[in-house]
1. Could you state the accessible area per residue of the range 82-131 in Å², with a 1.4 Å probe and every protein chain left in place?
2. Provide the three semi-axes, in whole Å and in decreasing order, of the ellipsoid equivalent to the range 132-197 as defined by the square roots of 5 times the Cα gyration tensor eigenvalues.
3. For the range 163-321, divide the Cα radius of gyration by the Kirkwood radius and give the resulting Rg/Rh value with two decimals.
4. I'd like the distance separating the alpha-carbon centroids of the range 136-202 and the range 240-280, in whole Å.
5. Please compute the Kirkwood hydrodynamic radius of the range 53-183 from all pairs of different C-alpha atoms, in Å with one decimal.
6. Looking at the P(r) of the range 256-295, how many percent of alpha-carbon pairs lie beyond 13 Å?
7. Going by average Cβ density within 10 Å per residue, which order do the peptides 318-328, 156-166 take, highest to lowest?
8. Whole-Å semi-axes of the range 187-256's equivalent ellipsoid, largest first, each the root of 5 times a Cα gyration tensor eigenvalue?
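The values are calculated or read from the model by the stated rules, or taken from the named source; none is laboratory data. Remember, predicted model here, so these are calculated numbers, not experimental data. With ideal geometry, Cβ positions are generated from the backbone for all residues, glycine too; neighbour counts draw on all protein chains shown. Note: areas computed on protein heavy atoms with side chains; ligands, DNA, RNA excluded. Shrake-Rupley method; radii C 1.70, N 1.55, O 1.52, S 1.80 Å.
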Amino acid sequence: MRWDNLAENTPTAPNTPDTPDPDSTGATGDVALFGTDAVTTRTFDTPEFRGITFHEVRARSILNQVPGASRMPFEWTVNPYRGCSHACVYCFARKTHSYLDLDTGLGFDTQIVVKINAPELLRRQLASRRWQGAHIAMGTNVDCYQRAEGRYRLMPGIIGALRDYANPFSILTKGTLILRDLELLKQAATVTEVGISVSVGFTDRELWRTVEPGTPSPERRLDVVRTLTDHGIGCGVLMAPVIPFLGDHPDQLRATVRAIAAAGATSVTPLVLHLRPGAREWFMAWLGREHPHLVRRYERLYAEGAYAPKWYQRRITRHVHELAREFGIGPAGRGTSRRTPVPDERPPAEPAATQLTLL
């Protein structure tokens, strides 16, 4: 396993213009995020963690700056975990595991890096005179409310620090565990801007079981939206990913948007499946096993690169926005979810006339 390539003076895998390094140099300019002598490997013989290995590290920096050329609507992120037990076959963050010489397929799902000192480190960095109180996005790389959070409980300390420094932040998640921290979120929302978004790309249960096997069901995620809304915390939905030929039928889109509206979401933003290196190989291998008849169609659709063609993206976006208007979901900004992260697989923005946004 290669840990030393996270040093500031050691070359890492290059970033594309819109890809923030999930562990780039933080606000304090530390030389490295952690060293080999700071890694403790653990396994737990409990049903929920069987087959998963945790690499506990003491990070030297937790505030990650997004490259200036990025298209992301935020400049700073916090990622307490690397790897994700959600095991989504399409996850764009798989490539980041290769930076540590970890496998981007099954290894990404089962080899989880845990920055055990994330809360205390964040509190110290927020207190620095060099920190200007910029918005911090979480859940933009891997889910900060994945299964491991139930054991390591890093997010209460992180949210508590952001609350105490009145620092604006946003969270994107597929995890229902966020409701554990509801009281902290309510407290934070009284002193700063807090944006919450839940990812629900479809409500088809058969599709969910095969492409997102480690996640709570779409219905449970929508219950999170409903609960947050009931407690005065506006919550948007990132309808991602819309999966071509498997989740993009008009009836599927209608059922999903209807369910999102019924849950009380403040906004809905569709995002078509995006296949970057690392994710592309793993997804296509899965597709070949489960839906071999679609392989050639995917090869044609994604022949030009990681994104589906713009005409396809625009068709999905237009359809979802029409459904959103039909079911009464308005643009973001009218609720309390004022700034919500969009992950770094975001496609080029659509024209303003048809774009509902989470920002």
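1. Working: 1690 Å² over 50 residues.
Result: 34 Å² of accessible area for each residue.
2. Values: eigenvalues 69, 32, 22 Å².
Over the Cα atoms of the range 132-197, the semi-axes work out to 19, 13, 10 Å.
3. Details: Rg = 17.1 Å, Rh = 16.9 Å.
A ratio of 1.02.
4. 22
5. On the way: mean 1/r = 0.0660 Å⁻¹.
One decimal place: 15.2 Å for the Kirkwood radius.
6. Details: 510 of 780 pairs.
Value for the range 256-295: 65 percent of Cα pairs lie more than 13 Å apart.
7. Details: 318-328: 16.5, 156-166: 18.9.
Peptide ranking by packing, descending: 156-166, 318-328.
8. Details: eigenvalues 145, 28, 21 Å².
Square roots of five times the eigenvalues give 27, 12, 10 Å.
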